[in-house]
Amino acid sequence: MQPDHGISDVDLVYFDAADLSEQAEERHSIRIRALFSDIPVRIDVKNEARVHLWYAAKFGNAIEPYRSSEDAIATFLTTSTAVGVQVRNGDLRTFAPFGLADLLDLTVRANKKQITRAVYEAKVKRWLAAWPELRVVPWDHGA
C-alpha cells in the first residue's frame, strides 16, 4: 500500500487574526504548496482565525471565531484527527486534546463539538472504503 493511500489532502493550519482576507490565505497557500510540491496529495492551507467566515456556507451551521490553532484543532471532526504538530525552536511540539490512543489504535470516534452526524457518517464511509481495518465508534457512542 502506498503511504498516501486514501489521503485526499493534508491540512496545514495557521492562525493570523490580524489578516482575515482570502488573499492572505491564498498567498500562504501558494508558498506552502511550493515547499511541499513533492508530496503526492493536496496541501490544504487554512487560517483558522477566518474559518467562522465561511463555515456556515460549507457545513450549514455558524460557529464562533476560534481563539487559536489549538482551539480549532480541538473541534476537528474525530478524536483521532484532532492532532497538530508544530516546529518550535527546532523541536516538534504535538497538540492532541484527546490524546493519541485513538489515532494509534486506528479508532474513529466522533468529536461532537461542532460536526453533525451526517458529516461524521459520510467521512467514516469514505475512510472505511480506503481502510477497512478501522474500528469505528458509532455516532451514538462517540465522544
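We did not get these values from a lab; they are worked out from the coordinates using the rules stated. Please read all numbers here as calculations on a predicted model, not as lab measurements. Neighbour counts run over all protein chains shown; Cβ positions are idealised from the backbone, glycine included.
Distant-in-sequence amide contacts of Arg42, defined by a placed amide H-H separation under 5 Å and a gap of 5 or more residues or a different chain, comprise Val10. Amide H contacts of Val136 (H built 1.01 Å from N, in plane; Pro and chain starts excluded): Val108 sit under 5 Å, all sequence-distant by 5 or more or on other chains. Mean sequence separation of contacting Cα pairs (under 8 Å, at least six apart), scaled by the length of the chain, corresponds to a relative contact order of 19 percent.
Highest mean first, how do 111-118, 27-34 rank when packing is the count of other Cβ atoms within 10 Å averaged over residues?
Going by the mean number of other Cβ atoms within 10 Å, highest first, we get 111-118, 27-34.
What the phi angles of the stretch 107-112 give under the Karplus curve with 6.51, -1.76 and 1.60, with θ = phi - 60°, is a coupling list of 9, 9, 9, 5, 9, 7 Hz, glycine and proline written as x. Fully extending the segment from Arg135 to Ile30, taken as 0.36 nm per residue of separation minus the present Cα-Cα distance, adds 34.2 nm. Dipole check for the chain: with +1 at the C-beta of Lys and Arg, -1 at the C-beta of Asp and Glu, and the Cα centre as origin, the magnitude is about 260 Debye.
Evaluating 6.51 cos²θ - 1.76 cosθ + 1.60 at θ = phi - 60° for every residue in the stretch 28-45, the Karplus couplings come out as 4, 4, 4, 5, 5, 4, 5, 5, 10, 5, 8, 7, x, 10, 6, 9, 9, 9 Hz, glycine and proline recorded as x.
Taking 1.002 mPa s as the viscosity and 20 °C as the temperature, the Stokes-Einstein diffusion coefficient of the chain based on its alpha-carbon Kirkwood radius rounds to 130 µm²/s. Compared with the dominant principal axis of the Cα atoms in the chain, helix 117-130 is inclined by about 80°.
Annotation: for a label point projected 7 angstrom from Cα along Cα→Cβ of Ala118, residues of the stretch 22-65 with backbone N closer than 17 Å are 55-63.
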